[in-house]
1. Pull up segment 5-15, narrow it to residues that are at pLDDT 55 or above and either surrounded by 10 or more Cβ atoms within 10 Å (Cβ to Cβ) or not in a loop (DSSP other than H, G, I, E, B) (or both), then point me to the one that is farthest from the chain's Cα centre (by Cα).
2. Looking only at segment 51-67, which residues are modelled with pLDDT under 95 and part of a strand (DSSP E or B)?
3. Looking only at segment 42-51, which residues are over 12 Å from residue 21 (Cα atoms) and surrounded by 10 or more Cβ atoms within 10 Å (Cβ to Cβ)?
4. Inside segment 33-50, can you point out the residues that are of a type in the set (Gly, Ala, Ser) and modelled with pLDDT under 95?
Amino acid sequence: MRRSSPDEVPAAYVAKGGESISNVGLTGHYEASNHHGKQVVLETTRQLAAGESVDLTPDIQKNYEFFKSGPGYGAKDNDPGI
């Protein structure tokens, strides 16, 4: 598995406005459809404002651990919505 390096993930992503982020502790609601047309509902989101800067680098380690010691790609096999 290839691990993302910090220079591949922006430390200062500048939002265009309307993008949603999801993380533990956020309380916003998000609904959409995935590429299979199945509904996706998230209850831990926040919508970004235009010009807002977000550091995405703290999630590099979390994502790495998800695939290294967590369910990884196999998680999709347990999701009836995919």
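The values are calculated or read from the model by the stated rules, or taken from the named source; none is laboratory data. Predicted, not measured: the structure shown is a model, and the values here were computed from it. All Cβ positions, glycine included, derive from the backbone under ideal geometry; neighbour counts span all protein chains shown.
1. Restricting to residues being at pLDDT 55 or above and either surrounded by 10 or more Cβ atoms within 10 Å (Cβ to Cβ) or not in a loop (DSSP other than H, G, I, E, B) (or both), the top hit is 7.
2. 54
3. Passing the criteria: only 50.
4. Across segment 33-50, the qualifying residues are 33, 37.
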